[in-house]
Amino acid sequence: MRKQMQEPVYSKQAQKYLEILNKKSQQRLKKGIEIIPEGDIAPYKNHEGYFRLRIGNFRVIFKWLGDEQILISTINVRGQVYKGGN
């Protein structure tokens, strides 16, 4: 997997979700996102080009925009992220 060098781009959903979380959860998610491509990452089934990052009970859906930048498409808890799709 590629190495992330630039700041990630966040969708409106991802930004809003981060804003409603407490500081501890925000920091945990941001730290997990910063170290992509490390972490528990798997292809996001039925969504070509997207990947799933597991951070505890949270799921971050993302895709590579280029060799060094990612788009954070969706952030939510496990049960909700898979219901809404991408």
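Free of Cβ contacts under 8 Å to residues at least 24 places away in the same chain and either more than 15 Å from Ile72 (Cβ to Cβ) or hydrophobic (A, V, I, L, M, F, W, C) (or both), is that true of Glu19? Let's see the steps before the verdict.
On the way: free of Cβ contacts under 8 Å to residues at least 24 places away in the same chain: yes; either more than 15 Å from Ile72 (Cβ to Cβ) or hydrophobic (A, V, I, L, M, F, W, C) (or both): no.
No; evaluated as a whole, the condition is false for this residue.
Take the residues in the range 26-47 that are within 15 Å of Leu71 (Cα to Cα) and not in a loop (DSSP other than H, G, I, E, B); name whichever of them is nearest to the chain's Cα centre (by Cα).
Going residue by residue through the range 26-47, those that are within 15 Å of Leu71 (Cα to Cα) are 29-30, 32-37, 41, 43-44, 47.
Next cut, not in a loop (DSSP other than H, G, I, E, B) only: 29-30, 32-34, 41, 43.
Numbers: Leu29: 8, Lys30: 9, Gly32: 8, Ile33: 6, Glu34: 10, Ile41: 10, Pro43: 12 Å.
This residue is Ile33.
Anything in the range 7-25 that is among the acidic types (Asp, Glu) and more than 17 Å from Trp64 (Cβ to Cβ)? List them, or say none. Lay out the reasoning, then the answer.
First, pick out the residues of the range 7-25 that are among the acidic types (Asp, Glu): 7, 19.
Scanning the range 7-25 gives a single hit, Glu19.
What's the total number of residues in the range 64-86 that are basic (Lys, Arg) and at pLDDT 95 or above? Even if it seems obvious, please write down each step before you answer.
The first filter runs over the range 64-86 and keeps only residues basic (Lys, Arg), leaving 78, 83.
Filter once more, so that each one left must be at pLDDT 95 or above: none.
Looking only at that region, the number is 0.
Restricting attention to the range 60-74, which residues are in contact with a Leu (Cβ under 8 Å, 6 or more places away or on another chain) and exposed (fewer than 14 other Cβ atoms within 10 Å of the Cβ)?
Leu65, the sole residue that qualifies.
What is the residue count in the range 48-86 for residues that are within 13 Å of Pro8 (Cα to Cα) and assigned to a loop (DSSP other than H, G, I, E, B)?
5
Which residue pairs have Cβ atoms closer than 7 Å, lie 6 or more positions apart in sequence or on different chains, and pair a first residue in the range 27-40 that is hydrophobic (A, V, I, L, M, F, W, C) with a second residue that is in a helix (DSSP H, G or I)?
As it stands, the answer is Leu29/Leu18, since those pairs meet every condition given.
The values are calculated or read from the model by the stated rules, or taken from the named source; none is laboratory data. Since we're looking at a predicted model, the values are computed, not measured. Virtual Cβ from ideal backbone geometry, glycine too; neighbours counted across all protein chains shown.
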